[in-house]
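None of the figures in this text is laboratory data; all of them are computed from the coordinates on show. Keep in mind it's a predicted model, so treat the numbers as computed, not measured. Glycine also receives a Cβ, built like all others from the backbone with ideal geometry; neighbour counts cover every protein chain displayed.
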Amino acid sequence: MNDTSAPIKTLDDLAKLADYSLLNTLTPDPEASADGVDHSPRQVFSGHYVPVNPTPIKEPHYIAHSQTFFKELGFDDALATSEDFMRMFSGDASQLPKPLRTHGWATGYALSIYGTEYYNQCPFQTGNGYGDGRAVSILEANINGKHWEMQLKGGGRTPYCRGADGRAVLRSSIREFLAQEHMYALGVPTSRSLTLYTSKTEKVKRPWFNQGSYSRDPEVMIEEDVAITTRVAPSFLRVGQIELFGRRARKSEHSKAHKELEQIVLHLIEREYSETIDTQLPFEEKVLLLAREFRSRLTALVANWIRVGYCQGNFNGDNCAAGGFTLDYGPFGFIDMFDPKYQPWTGGGVHFSFFNQPQAAQRNFHMFCSALKPLIESNPDVQSRLDEIDHGFSQIMLEQMEKMLTAKLGLSTYDAALVQELFSLMVQTHVDYTIFFRELSSVPDEISPLLRSFYDETFLDKKLLESWSAWLEKWKSLIDAATPESREKLSQQMKRVNPKYTLREWFLVPAYQQATAGDYTLIRELQEVMTHPYDEQSSEIEEKYYREKPAHFFDIAGISHISCSS
């Protein structure tokens, strides 16, 4: 393994660490072009990936990089603004030092929505044209003992582009860059941000909303700057990819379908689960362990999402990482006023809403298990054991949720009645989710500090206040706060669970509006604040970012809800 602890100061230093695991292990599309010039929509019938050249953005301009991740990787900060590094990570792979490859790759996957297979989103109505339409992986490398894949979001058209332009706009790129930084700092498993570059001259048109509109659907076409953000993960293997190869094997769509499913499952195990699944085990045991380990990760992930107030508005199977981390920051949102049905995406519906994420995850997991079944169809006993793992998801999910809520409330054991009463009061009172739990983390003697989290004028409702006081007394009877020392210890413990700052959409809007004028001050300020979400920060930062959503932003398009247009 190419492993180093020496600082990486140049692209040549990085090139020495290249290790193209996916390209060396899996099968390319046999109909792919040899030179990576493959940028028009077409059906891809077999193979695990399509070699494709990224399309560079014009006149790339640096906006930001992740200092946290650069430090972890051993990258010198100056690398982010060096000419050859910027060129590579803004899509120009034409002049790379060997052994870096001049083409990248894109992958296909199936689409399932809440546990139902769909084909009509594919332009060919077959499911063979759905996949990475604007995400192009360009490097795999072993760095400091870890294997990383680096992928350009907005890297140009691929065979899966479905007729689109393959670009990401500056607005959505800023959101994804900051969200990945923030989620990592929150302690939630996630893909990571590396760099963010925009073009000085290249623009594309996107559907969007009129300013101040309440519309649920985009109303106008606007011209926006293009950008590329590089996201990094151990792999970008998705439930949807396993589904695609599972479907092909199930239907015997071609002679190598079963073999390709086996190959991608083994590759998933190697890339994401090698530390927990022994390579010497029989294949069928590996499959069962994979399902069990993924179930553990996925349930913990979703409980973490709810802990920090995050909603993955479009949690299809293709947006569900098979490694069990957060992937694809499209129409996501961090909740303001508590609502179990909170949904930031206009197309998402209740099935992908805030408190329905455990059920959505269960549907994705069921599709994952179903995709594995062709590999074990000759062994009824193993199939039965896989079904047990699948059916056990809801119980494991419940246990993870109870564990999370117990920690969030600073309890020693879960109390269902206390939790249900709390959520009922939060809905009645219109409570800010993040501010409420952070104020509760100070272990208040009475309800006054909690009023800071109340929207509207519900604090004038005497009966409701009495209910809150009664709930608070019940809670205090269940926690360990008998002495000043135990109270302070509990408070610090709860503050490590309940963040003070979350990346609310109305913080992001002025940041990307300023960025269109070339002012990146707010992006960098948000990056600094949101990479320390549990910390007490300056009074100026607290006044600016630790507050309720202003009333005039409620229900405004592009702030309270967004489309999936970019």
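A quick yes/no check of all residues on (1) part of a loop (DSSP other than H, G, I, E, B); (2) surrounded by fewer than 23 Cβ atoms within 10 Å (Cβ to Cβ):
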site: ASN120; (1), (2): yes, yes
site: PHE124; (1), (2): yes, yes
site: ASN128; (1), (2): yes, yes
site: LEU139; (1), (2): no, no
site: ASN142; (1), (2): no, yes
site: ARG157; (1), (2): yes, no
site: ALA164; (1), (2): yes, yes
site: GLU181; (1), (2): no, no
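What number of residues within the stretch 539-566 satisfy the criterion of being in a loop (DSSP other than H, G, I, E, B) and over 21 Å from ARG167 (Cα atoms)? Looking only at that region, the number is 10.
If you check ASP318, ASP328, which single one turns out to be in a loop (DSSP other than H, G, I, E, B) and among the charged types (D, E, K, R)?
None of the others qualify; the one that does is ASP328.
Only one entry in TYR534, TYR546 is among the aromatic types (Phe, Trp, Tyr) and under 23 Å from GLU176 (Cβ atoms), namely TYR534.
Summed over the stretch 513-538, the residues that are touching a strand residue (DSSP E or B) at 6+ places or on another chain (Cβ under 7 Å), buried (at least 18 other Cβ atoms within 10 Å of the Cβ) and not in a helix (DSSP H, G or I) give a count of 1.
The one condition from (1) assigned to a loop (DSSP other than H, G, I, E, B); (2) in contact with a helix residue (DSSP H, G or I) (Cβ under 8 Å, 6 or more places away or on another chain) that GLY348 does not meet is (2).
Is it the case that the stretch 79-87 has a residue that's in contact with a strand residue (DSSP E or B) (Cβ under 8 Å, 6 or more places away or on another chain), crowded, with 23+ Cβ neighbours inside 10 Å and either not in a loop (DSSP other than H, G, I, E, B) or not acidic (Asp, Glu) (or both)? So far as the stretch 79-87 goes, no, none of its residues is in contact with a strand residue (DSSP E or B) (Cβ under 8 Å, 6 or more places away or on another chain), crowded, with 23+ Cβ neighbours inside 10 Å and either not in a loop (DSSP other than H, G, I, E, B) or not acidic (Asp, Glu) (or both). For the stretch 270-304, how many residues meet the condition of being touching a Gly at 6+ places or on another chain (Cβ under 9 Å) and among the hydrophobic types (A, V, I, L, M, F, W, C)? The qualifying residues number 4. Can ARG192 be described as buried (at least 23 other Cβ atoms within 10 Å of the Cβ) and among the basic types (Lys, Arg)? Answer is no for this residue. Every test in (1) β-branched (Val, Ile, Thr); (2) under 27 Å from LEU11 (Cα atoms); (3) more than 24 Å from the chain's Cα centre (by Cα); (4) surrounded by 15 or more Cβ atoms within 10 Å (Cβ to Cβ) is passed by VAL44 save one, and that test is (2).
Per-residue answers, yes or no, for (1) part of a helix (DSSP H, G or I); (2) free of Cβ contacts under 8 Å to residues at least 24 places away in the same chain; (3) farther than 30 Å from GLU260 by Cα; (4) not small (Gly, Ala, Ser):
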position	(1), (2), (3), (4)
PRO30	no, yes, no, yes
PRO41	no, no, no, yes
PRO51	no, no, no, yes
HIS61	no, no, yes, yes
LEU100	no, no, no, yes
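In the stretch 180-202, the residue that is farthest from PHE75 (Cα to Cα) out of those that are of a type in the set (Ser, Thr, Tyr) and under 16 Å from the mean Cα position of the chain (by Cα) is THR190.
If the requirement is being of a type in the set (S, T, N, Q) and under 19 Å from ARG231 (Cβ atoms), which of these qualifies: ASN144, ASN120, ASN128? Of the residues listed, the single one that is of a type in the set (S, T, N, Q) and under 19 Å from ARG231 (Cβ atoms) is ASN144.
No other residue among VAL509, VAL443 is out of contact with any Pro (no Cβ under 6 Å at 6 or more places or on another chain), in a loop (DSSP other than H, G, I, E, B) and touching a residue at least 40 places away in the same chain (Cβ under 8 Å) apart from VAL443.
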